[in-house]
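Some notes on the structure that comes next.
Please treat every number below as a calculation from the coordinates, not as lab data. Model, not experiment: these values are computed from the prediction. Virtual Cβ from ideal backbone geometry, glycine too; neighbours counted across all protein chains shown.
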Amino acid sequence: MPELPDVEARKSVLEQYGLGKPVKNVIVRDERILEGVEAASFSRSLKGAEFTSVTRRGKYLLVRTNRNSTLLLHFGMTGDIVYTEKGSPPPPYSRVEFVFDSGSLHYTNMRMIGKVSLFATFGENEIEDISKLGPEPLDRKFTFKRFKEAMSGTKTTVHQALMDQQRIAGIGNIYSDEIAFQAGINPERKVESLSENEMRKLYEKMKWTLRRAIALHAELDSHQDLFIIPHRKKGGTCPKCGTTLKKVTIGGRSSYHCPKCQK
Ligand SMILES: [Zn+2]
């Protein structure tokens, strides 16, 4: 499922192939992915426009246009951005295609969880989904003090608090596990049970994990010795000590941790 580093990778593709050139055509292949806008109106509003910038907020991308509008993309479970050269067939599950002179950008989504919307504004706070989000974990202004504030006032677990989009935006089930692993903290622990030192470790490892994952374009499988993510499966072992990982269900979601390294 696309989380902050995965959405950053999609942002790069959009920036590389979609900025500063006119959208020749917009093809909506499955109208069900659109929210709050009809296919005809969506296509008309974007045909001839140019994408001017791409911003990520949480697990969303906001694509600004030279018509003072914002295209909002959410990727749900299986959403992606795929570029194809001119004349190539559309990739599987292409739901919306933005056609440029040299090729096309596709919003693909196998399971149809996710959405594509268009707003006649640049204002993030005028977009309800975005206005509800907590702070960005990699924002320089998101200090340890603010992290503690964001995590406070809850009886919940470390795993769930990290995933709560209203506390901190962009972290989901997978990266919540990774951050807890890197911090050496059992994800089932209650937030309120963490010492000051453990809280600081969680904060620092949150930043470290997300930065490293972005630098690796969210492809962590080639770094099996460093991350728990490639080992999150039946029989998976801890990359640090070799112990078999423990799978638990927290808030209805599967979470993995090393019973030896994570206290
Ligand atoms: Zn271990």
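If each residue of separation counts as 0.36 nm, what is the full-extension length gain between residue 253 and residue 222 once their alpha-carbon separation is subtracted?
Stretched fully, the residue 253-residue 222 segment lengthens by 8.7 nm.
So what's the projected area for the stretch 144-257, the Cα convex hull averaged over all directions, in nm²?
Over all viewing directions, the stretch 144-257 projects a mean Cα-hull area of 6.8 nm².
Using the Cα atoms of the chain, I'd like the radius of gyration and the largest Cα-Cα distance, Dmax, both in angstrom.
Using the Cα atoms of the chain, the pair Rg, Dmax is 19.8, 58 Å.
Select from the stretch 1-93 those trypsin sites (Lys or Arg not before Pro) which occupy a DSSP coil region and have at most 11 other Cβ atoms within 10 Å, ordered by residue number.
86
With each run of n ≥ 4 DSSP H residues scored as -39500 (n - 2.57), what mean residue ellipticity at 222 nm is computed for the chain after dividing by its residue count and rounding to the nearest 500 deg cm²/dmol?
The helix-only estimate for the chain comes to -8000 deg cm²/dmol at 222 nm.
Run the quick spin-label model on residue 85 and residue 111: label points 7 Å from Cα toward the beta carbon, then report their separation in nm to one decimal.
3.3 nm
Which stretch or stretches of the stretch 1-42 have amide N atoms under 20 Å from the point lying 7 Å from residue 146's Cα along the Cα→Cβ direction?
4-5, 8
Treating the Cα atoms of the stretch 32-131 as identical point scatterers in vacuum, please give the log10 of the normalised Debye intensity I(q)/I(0) at q = 0.15, 0.16 Å⁻¹, two decimals.
Normalising to I(0) and taking log10 leaves -0.59, -0.68.
Pop a pseudo-label 7 angstrom from the Cα along the beta-carbon direction at both residue 38 and residue 67 and give the gap in nm to one decimal.
Here the answer is 1.5 nm between the modelled labels.
If you find the alpha carbon centre of the stretch 187-244 and of the stretch 107-183, how far apart are they in angstrom?
Using only Cα atoms to place each centre, the spacing works out to 17 Å.
Between residue 31 and residue 13, 0.36 nm times their residue separation minus their Cα-Cα distance comes to what?
4.2 nm
Assuming R0 = 25 Å, can you tell me the calculated FRET efficiency for the pair residue 263 and residue 154, based on Cβ-Cβ distance, to the nearest 0.05?
Working from the Cβ atoms, E equals 0.80.
Contour minus end-to-end for residue 244 and residue 102, with contour as 0.36 nm per residue of separation and end-to-end as the Cα-Cα distance?
46.2 nm
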